[in-house]
1. Looking at B:Ala227, B:Leu186, B:Gln214, which one has the Cα that reaches farthest to the positive end of the dipole of segment B:137-241 (charges on Cβ: Lys, Arg +1; Asp, Glu -1)?
2. Quick one: give the max-minus-min coordinate of the C-alpha atoms of segment B:104-263 along each principal axis, largest first, in Å.
3. Would you work out the charge dipole size for segment B:275-364 about its Cα centre, treating the Cβ of every Lys and Arg as +1 and the Cβ of every Asp and Glu as -1, and quote it to the nearest 20 debye?
4. Calculate the mean, over all residues of peptide B:515-525, of how many other protein chain Cβ atoms lie within 10 angstrom of the residue's Cβ.
5. First select every other residue whose beta carbon is under 11 angstrom from the beta carbon of B:Ala616; then total the charges, Lys and Arg +1, Asp and Glu -1.
6. Which residues does the label zone of B:Gln469 cover in segment B:228-256, counting backbone N under 17 Å from a point 7 Å along Cα→Cβ?
7. How many Cβ atoms of partner chains, on average, are near each residue of A:47-57 if near means within 10 Å of its Cβ?
8. With only alpha-carbon atoms counted, please give the Rg and Dmax of chain B, in Å.
Amino acid sequence: MPDDKEPETPTLDAFQPLREAPGPIRTIIERVLTLEQERLYQRAPRLNDDVLRVIKEEIR
Amino acid sequence: MRLLSLQAENFRQFKGRTPEIQFGAPGDKPVTVFFGTNGSGKTALLNAFTWTLYGKTSRGFLLPDQVVNNAALREARPGDIVDAWVEIKFEHLDYRYVVRRTVRVRRGTTEADVSPQGEPVTELQYAGPDGQWRVEPSVVDSIGRILPEDLHTYFFFDGERIERLVQPREEERADIANATRKLFSLEILERAIRHVTAAKKTLEEEYERIGDTQAVQLIEEKRKVEADLEFARERFRELGRNVDGARRAEEEIQTRLRTLRAAKEIQERRDALLIDKSARTTSLRQVTSDVSSLISSRAYAVFLTAACTTYRNVIESMRQKGELPAGIKKQFVEDLLAKNRCICGRSLGHEDAHDARQVVEGWRNRAGLVDVEEKAIRMGGEVRQLELQTSQFWEQLGHFQERRRADRQELSRIEENLENISQQLRQSGEEELGKLERRLVDTKTAIERDLLDQGSCNGLIKQLQTKLQELEGRIEKHQATEAKQQLALRRLTAARDVIARIVDSKARFEAKFRVDLTKRVRALFDQISFTPYVPEITDEYALRLRESAGGMPLPVAASQGESQILSLCFIGGVISLAREYQAKKERLPGPDSSHFPLVMDSPFGSLGPNYRRQVADHITRLADQVIIMVTNTQWRGEVEQSLRGRVGRYYVLQYFSPKNEVSPETVELAGVTHDLIKRSPSEFEYTTLSEVGHD
């Protein structure tokens, strides 16, 4: 191995901000990410309205 | 995605239908090897995957109208339709899929004269755990969900061009970065941030739209009306108290007058008149109420006089025409006509009885008026009742009017007498008497004025109450608006929170992922390469080699071989890291797969023996399934040794050359020699494909 410094893996838990979100916020995040996953194959999916609907449904 | 098999017909070099090519399964023998000489169709095979799944082929590989095999076109007659297709079977999660892409052409007079018959068509079918096959109408969407198109760079690649990953063209750079971000869900996080930010903007607009200052103004106005109302009510109560006091004073004065000897007799007369006045007032009130009741319950009859007259005229007119009374039953006439005999005995059936029959039929029409007659009789009774009611109404109203007139007259007389008495008392010679009476008149005037004021005060109260009610309604609506505004604010806050959390997570994940990937690529490169170079992944996910010098890494111009190694290490690193994250569940929603295939065309092309061994050994261990296309020379030696024992299937691409003299090229497997080149029986080149064994 060359004498380059080996990069150090950050110890912060990447998903902590999502996991520790309060109930409705977490639900919104999960639903939005699932929507994005379903449309990942599209180059520019139009999800603005769907995302807005998710927020409105979860925050009443 | 786990690849099961591939079959092709008339696709490029493959004339006719190939056997169904089964691929080595993940496990002990995940490798499938295709042997072929240059030009025998190894790249065509790689392109068979990308053409079928994504409609894409390698740069400069073929034009859409060159898909169909030339020998097949040669053998077809002019005007014949020739199909070329590729069918791939694969598994993903618990589903099996069959995807087939077909292109159809018509042969002209020569084999070079080919006209495409529409665009290529892709069909996708899938079967779930129940084993039933279903057609999937959204082919692109479905395949895109299983293995997004821009990720195919990593899973299906041309080894001879693989250095592009290290030395990408300008337009390819973003594609590579995007594919990497997509595979590790970073793209999902970025898109989520973008879409939630757009939603947040809409929520901000909604919040601003809902908010206004009108509610405050209305509440202020309501307070003012409430104060005015309270003031008016207090004034009303005050006037009431004044009236009560004045009435008590009036009573006292009258009592005092009764006690004065000079006024006693007059006061007694006045008391009697007041009793009469009260009785007459009550009577007048009663008769006025009676008139109202009479009008509301009976007066409608007066307005029906014209309708009654019309009715009589209609009936009279019908009588004059002889239509009423009808006097004959319809059924009776029907019977006569049915029997063809008139009541007079005359036959109605003969030809010369035409006129007589018409007369009898005329009676049938008149008989139809029996219904009208019945209704006319019933209505006649009702009309008479209405007319009687009208005359009774007028009579009773006259009686009430007479009573009202009499009451008014009597009241007027009483008032006049009372005024005379008052005047008499005021002008009395006795000072006290006059004084008392003047006070009494003043008191009455005061009562009358206060009562009038009370009336207008009451009007004002009613007006203010209506206004208050209306204001309360409007305020209620605004309070609802206020609730809406609060809701909009909560949504806005939620959107901001969502964005902040995803941005934070993305930053953390990206930092970790970049370090993990760099480590993985470095480790692989260190195992394979004997150079002192160090791979590095830039912020844009571009791959660089650096040479360590004095502790400061510097960019190096990598050779083609080094670039190829580096690219293979990058692909290996990406795939192994994706598998690891998947296994640890250390991931967000993203391309969901536990199997990653690796289809490589000539991955050892320009590498030296050491590198071939290392690549064959290390890279092929990273994917679940490996499909490689090699020439005999690429295979022999190091690669063969490295992969020994791990190959599930061997296939040979046998190339038929139209040239008379061809140098023999063979591959030996398990002691059996297979020809890779043969003489074509026609002037066309083509390739056949056959399985030749497994480890």
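Derivation of every value follows stated rules applied to the coordinates shown; laboratory data play no part. On a predicted model such as this, the values are computed, not experimentally measured, just so you know. In this analysis, Cβ positions are derived from the backbone assuming ideal geometry, glycine residues included, and neighbour counts consider all displayed protein chains.
1. B:Ala227
2. So the extents along the principal axes, rounded to whole Å, are 148, 41, 41.
3. It works out to roughly 440 debye.
4. 2
5. Local net charge: +2.
6. B:229-230
7. 6
8. Every Cα atom of chain B included, Rg and Dmax give 55.3, 166 Å.
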